[in-house]
Every structure is written in C-alpha cells, then in structure tokens.
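**Q** Got a structure for you, written out below as structure tokens; questions coming shortly.
The values are calculated or read from the model by the stated rules, or taken from the named source; none is laboratory data. Quick caveat, the model's predicted, so the values are computed rather than measured. Here the Cβ positions follow ideal geometry from the backbone for every residue, glycine too, while neighbour counts run over all protein chains shown. Each accessible area value is taken on the protein alone, full model and side chains, heavy atoms only, with ligands, DNA and RNA left out. Shrake-Rupley method; radii C 1.70, N 1.55, O 1.52, S 1.80 Å.
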Amino acid sequence: VSLEEKYSRDIINQVLGVGKPGELVEDKDIVILEYNILAMCRIARENGAIFFLLTYPSDPEDQLSIKSIAKKWDIPLIDLAEPFIKLGALKSPISPEYFISDGHPNDIGYQIIAETISQVLLEQLKE
C-alpha cells in the first residue's frame, strides 16, 4: 500500500506544511521522501537513537533533496559526496578509481564512505 493510498494527499500536505487543500504538490516524491524521513527520525528519537541523514555520492539530485530536508528539520547530515568532490571523483564520467560503472562505490569508495561516517560518529560520541 502506497503512502498516498493509506493517507490522503491533503493529510500528507498538512503534516509536511506544504500545499493547500486539494492542491497537487509539484514534486510529490520529495513530499513522500520527507514524510518517510520524518517518520524514521521520530521512531529513532523515541527509542533513544541519534538519527542522521546521509547523502549518496553519485546522485546530485538526491543530494539536494536530502540536504534540504536535513536543513529544514534540523536533522544531522553526513555528506558522503563531499570527500569525493574534494578528490575530483564525481566529475562526468565518475572516477573508476572510486566507483564501478553503474555508479556504486568500489572497495576504495566504500572505504572512504566508512571513514567519513566513522569520523562523524566518533565526534558525536565525544559530545
């Protein structure tokens, strides 16, 4: 059952504070993404977990959506694109040194991701 089948568009819009009653929100995918992220964040926080959002290094459109939601709702963000941008690995075509042909990281790329996440988590544990 999709989110729209379970809840009316008006309820989704109201929860997220977008659109007017009966209005079709321009990008319903981002609205549904935001709704799902907020639900996961609420569940994590209710259970005493720290919730982070992560960008994925090879999808610029999703990076912008995730960054926007993180900023809007003050959710901590781990930007996994940043270390690859510094390495120049996200230029077109993406660097085979860090990614396989379908855009997923290779072993070296995943090592960079792991180091980036672990650095943020270690900093969080110190607080």
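**Q** Stretched out fully, how many nm does the piece from I50 to I32 gain, at 0.36 nm a residue minus the Cα gap?
**A** 4.3 nm
**Q** OK, next. Out of residues 5 or more away from I78 or on other chains, whose amide H comes under 5 Å of its own, with H placed 1.01 Å from N in the peptide plane?
**A** Those qualifying (amide H under 5 Å, at least 5 residues apart or on another chain) are L53, L54, T55.
**Q** Also: Quick one: ranking L122, L77 by accessible area, 1.4 Å probe, largest first, what do you get?
**A** Solvent-accessible surface, decreasing: L122, L77.
**Q** Ordering V31, V120 by how much accessible area each has at a 1.4 Å probe, largest first, what is the list?
**A** V120, V31
**Q** What shape does region 48-127 take by its C-alpha gyration tensor, where a ≥ b ≥ c are the square roots of the eigenvalues and a/c under 1.5 counts as rounded, a/b above b/c as prolate, and the rest as oblate?
**A** Here region 48-127 falls in the oblate category.
**Q** Using unit Cβ charges (K, R positive; D, E negative) and no other charged atoms, how large, in debye to the nearest 20, is the dipole of region 67-127 about its Cα centre?
**A** So the dipole magnitude of region 67-127 works out to roughly 260 debye.
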